[in-house]
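Engineer: Handing you a structure now.
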Amino acid sequence: MQVAIVKYNAGNIYSVVNALRRMGIEPLLTDDAELLKKADRVLFPGQGHAAEAMDYLKARRLDEVIRDLKQPVFGICVGQQLLCKHSEEGDADCIGIFDAEVKRFVPEKHEDKVPCMGWNKLYNTKSPLMEGIEGGYVYFVHSYYVPVCQETIATADYILPYSASMHKDNFYTCQFHPEKSGKVGERILKNFLEL
């Protein structure tokens, strides 16, 4: 199985590369449209600023390439946010797979820290991606979130309930970092590869 990772100006891609290597998969890190189209699975991870990432993707027409992919695609962290319609981060128009607005967390009381960092529990899980995951703890680092919507397949709570994971057609996402989430995260990556 050929697993490709979208190479763009978003940090933290190498932790995903290393997680896949631990699972015995040597992923292809590429921004080549033809190689992305030919891959059996495509991962779209990243950390960073949504508007800057979208500028980079649009300059190379990678936004169009990602939008047109037909195989299973997995957006991770900023990858989830960029697959939405719009982000408040830099007032960015994004790829638009999910008809959702990415919003910044607004602290409601003193203990609400932004960014949200640390382990959090998943609930209301559905979809084959989340098989065997209900109640599992995963690792989050984010200041922006996608509200719970029709495509939400796992929910987490921080200040308010939000989409921890989403699914529409061949596109799957998670706001957390499966590659940093121990056995639960490894199970989610395995579930994705077995879709």
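The values are calculated or read from the model by the stated rules, or taken from the named source; none is laboratory data. Please read all numbers here as calculations on a predicted model, not as lab measurements. Ideal geometry is used to build each Cβ from the backbone, glycine not excepted, and the neighbour counts take in all protein chains shown. Heavy atoms of the whole protein, side chains included, go into the accessibility calculation; ligands, DNA and RNA do not. Shrake-Rupley method; radii C 1.70, N 1.55, O 1.52, S 1.80 Å.
Engineer: May I have the extent of the alpha carbons of the chain along their three principal axes, as whole Å values ordered from largest to smallest?
Structural biologist: Projected onto its principal axes, the Cα set of the chain covers 48, 36, 28 Å.
Engineer: How high is the relative contact order of the chain, given as a whole-number percent (alpha carbon pairs under 8 Å, six or more residues apart)?
Structural biologist: About 18 percent, as a whole number.
Engineer: To continue, here is another question. Would you mind telling me the share, in percent, of accessible area of the range 150-195 contributed by carbon and sulfur at probe 1.4 angstrom?
Structural biologist: That fraction is 48 percent.
Engineer: For K7, what charge total do you get from the other residues with a beta carbon under 9 Å from its beta carbon, if Lys and Arg give +1 and Asp and Glu give -1?
Structural biologist: So the environment of K7 carries a net charge of -2.
Engineer: Calculate how many DSSP beta bridges within the chain are antiparallel, expressed in % of all such bridges and rounded to the nearest 5.
Structural biologist: The antiparallel fraction comes to roughly 60 percent.
Engineer: Assign one of three labels to the range 95-138, namely rounded, prolate or oblate, based on the Cα gyration tensor with a ≥ b ≥ c the square roots of its eigenvalues; rounded applies when a/c is under 1.5, prolate when it is not and a/b is larger than b/c, and oblate otherwise.
Structural biologist: Note, shape of the range 95-138 comes out oblate.
Engineer: Any chance you could look up the accessible area of C94 with a 1.4 Å probe, heavy atoms only, rounded to 10 Å²?
Structural biologist: 10
Engineer: Which value, in Å² rounded to 10, gives the accessible area of V78 with a 1.4 Å probe and all protein chains present?
Structural biologist: 10
Engineer: Let's test the formula: R0 of 25 Å, r as the Cβ-Cβ distance of D99 and V141. What FRET efficiency results, to the nearest 0.05?
Structural biologist: After rounding to 0.05, the efficiency reads 0.45.
Engineer: If R0 is 30 Å, what FRET efficiency do you get for Y123 and H49 from their C-beta distance, rounded to 0.05?
Structural biologist: Rounded to the nearest 0.05, the efficiency is 0.55.
Engineer: Now for a separate question. Given points 7 Å out from each Cα along the Cα-Cβ axis, report the L160 to V114 separation in nanometres with one decimal.
Structural biologist: A separation of 1.1 nm, rounded to one decimal place.
Engineer: While we're looking at this one, here's another question. How much accessible area per residue does the chain have, counting only protein heavy atoms and a probe of 1.4 Å, in square angstrom?
Structural biologist: The answer is 45 Å² per residue.
Engineer: Right, another one. Whole Å is fine, so just give me how far the alpha carbon centre of the range 114-189 lies from that of the range 38-102.
Structural biologist: What the calculation gives is 17 Å, centre to centre.
Engineer: Now for a separate question. Would you work out the charge dipole size for the range 96-167 about its Cα centre, treating the Cβ of every Lys and Arg as +1 and the Cβ of every Asp and Glu as -1, and quote it to the nearest 20 debye?
Structural biologist: In debye, rounded to 20, the range 96-167 gives about 160.
Engineer: Can you give the longest stretch of the chain with no exposed loop site, where a site means GluC sites (Glu not before Pro) in a DSSP loop (not H, G, I, E or B) with at most 16 other C-beta atoms within 10 Å?
Structural biologist: Free of exposed loop sites, the longest segment is 1-87.
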